[in-house]
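The values are calculated or read from the model by the stated rules, or taken from the named source; none is laboratory data. Values in this document were obtained by computation on a predicted structure and should not be read as measured data. With ideal geometry, Cβ positions are generated from the backbone for all residues, glycine too; neighbour counts draw on all protein chains shown.
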Amino acid sequence: MERINAAGAGPRQSVNYRAMLREANWLPIVVFFVVIAVAFHLATDGLFLTPRNLTLLMRQSAITAIMAMAVSILIIKGEIDLSIGSAVYLCGTVAASLQVYFGVGVGPTLLVTLGVGLLLGFWQGFWTVTLGVPSFVVTLAGLLGFRGIAFYATDAATIGPMSKNYIGLSESFVPV
């Protein structure tokens, strides 16, 4: 007799944990990460697996994770994007310049920066999709062009200090 799920729509799927463990291709990866985490924890005298350090690690990897998710879609399609790091750098330069040199508030800075990122993506998409230029060529040109624009705009110097509200977006903690 079939079991009905809580919503009453169709049979409820039972999880076969034994079969899942038999086919555990992911198990060596999990074991590897656990061994590495314990080794780092021991090497840092118990500091690595503290809540504060794990929060900092997650914060630092957030931008890379977002970029990886976007690029994975392209890779699944058989394309490539070499320019994503330079595009993020140029967008960061735009955000910092708006904050420091023009005194623009956090909201408008975020909107303009997102708009610049969209324009960069549309520009490269136009060349790749509409004109049929290979994505490798377009994004290699974007890598060099976006980085060059940002270097020229900043003279390869740091822009700062940012406003407290803007810094709060990425540097603040949620209180306990």
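Below is a table of values for the structure above.
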| read-out | value |
| --- | --- |
| Selection count where residues are closer than 18 Å to residue 138 by Cβ and either loosely packed, with under 15 Cβ neighbours inside 10 Å or in contact with a Cys (Cβ under 9 Å, 6 or more places away or on another chain) (or both), scope the range 86-119 | 4 |
| Within the range 120-176, considering residues that are aromatic (Phe, Trp, Tyr), under 20 Å from the mean Cα position of the chain (by Cα) and surrounded by 12 or more Cβ atoms within 10 Å (Cβ to Cβ), the one farthest from residue 56 (Cα to Cα) | 146 |
| Cβ pairs under 8 Å, 6+ apart, first in the range 57-78 and among the small types (Gly, Ala, Ser), second part of a helix (DSSP H, G or I) | 70/84 |
| Matching entry among 7, 37 (being at pLDDT below 95, exposed (fewer than 13 other Cβ atoms within 10 Å of the Cβ) and among the small types (Gly, Ala, Ser)) | 7 |
| Residue count for the range 76-85, restricted to those that are over 17 Å from residue 156 (Cα atoms) and surrounded by fewer than 17 Cβ atoms within 10 Å (Cβ to Cβ) | 5 |
| Where a residue in the range 110-129 is among the polar types (S, T, N, Q) and its partner, wherever it lies, is part of a helix (DSSP H, G or I) and surrounded by 12 or more Cβ atoms within 10 Å (Cβ to Cβ), with Cβ under 7 Å and at least six apart | 113/91; 113/94; 113/95; 124/138; 124/139; 124/142; 128/135; 128/138 |
